[in-house]
Amino acid sequence: MRPSLRFLRLPVPRLLVLVAALAGARTGDAQAGRDWPIHSNERPKPPVVDPGPGALPVPPPGDAVVLFDGRDLSKWVHGNGDPARWIVRDGSFEVRPGTGDLQTRDGFGDAQLHVEWMTPDPPRGTGQDRGNSGVFLMGRYEVQVLDSYGNETYADGQAAAQYGQFPPLVNASRPPGVWQSYDIIFRGPRFDAAGRLLRPATVTVLHNGVLVQDHVTLTGPTGHYARPPYEAHPERLPIRLQDHAHPVRFRNIWLRELR
Ligand code: MG
């Protein structure tokens, strides 16, 4: 007699999702269960971890490329090449809602990237509509910026999520109005001359010094309610910061190119 799971009355794909979810829940690993539907509200929320007081800003190492030193946005432009119109003040810069995303003038590939950011205080809105921005590696692969301090949203869309793919291992968010940091180690994808994927991108992220993305392998570029496949692109592309219509601030951005 063949074994049967018909008593569960679930089609096989739903059953696989359930099994993956149970496996993730048992290990307490928010990055387990990669078959979760995108932006699922059922996906377990990462546990909250107090990152401690920290010590920001972190000065750039000697071999770093400084992308914002507190003075001007000369290293940044809008997508159409226009000079950056976000607001520079007090050694930081702030999203000017409606002006569009900013991106670096230069392109970068594999890199160690340091970014400091702060969400608005007092906070406004809920879920995704609260202190939302993002760091898009190569303009395509988003590490989510969001006010996730006591603010629930789907796990793969909270602060330090690899948006739509991997929730952070823990929620190490600081309150709104307090500087936070991302330290990102990114290895871009590689394609052959015919545009076939040779190697997917990998990302490691520390949020306020706490490991939140542990060398995850990206499924492809970031999408909203979509996980599109990889498309061949150059090995160096601009880093992009998102205008999500919220006055999120940034400062002290630097990177070390990894050869
Ligand atoms: Mg975002």
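What follows draws every value from the coordinates through simple rules; no lab data is involved. All of these numbers come straight from a predicted model, not from anything done at the bench. Virtual Cβ from ideal backbone geometry, glycine too; neighbours counted across all protein chains shown.
How tilted is helix 12-27 with respect to the longest principal axis of the chain? Cα atoms for both, answer in degrees (0 to 90, nearest 10). Roughly 60 degrees, rounded to the nearest 10. Rounded to the nearest 20 debye, the dipole magnitude of the chain is 800 debye, with +1 charges on Lys and Arg beta carbons, -1 on Asp and Glu beta carbons, and the Cα centre as origin.
Sorted from fewest to most neighbouring beta carbons within 10 Å, what does the list Phe136, Phe93 look like?
Phe136, Phe93
Only helical runs count toward this figure. For the chain, summing -39,500 (n - 2.57) over DSSP H runs of n ≥ 4 and dividing by all residues gives -2000 deg cm²/dmol at 222 nm. When both the stretch 169-186 and the stretch 87-142 are represented by their alpha-carbon centers, they are found 13 Å apart. Note on the chain: Cα-Cα pairs beyond 27 Å make up 37% of the total pair count. Ordering Leu206, Leu211, Leu137 from the fewest to the most neighbouring beta carbons within 10 Å gives Leu211, Leu206, Leu137.
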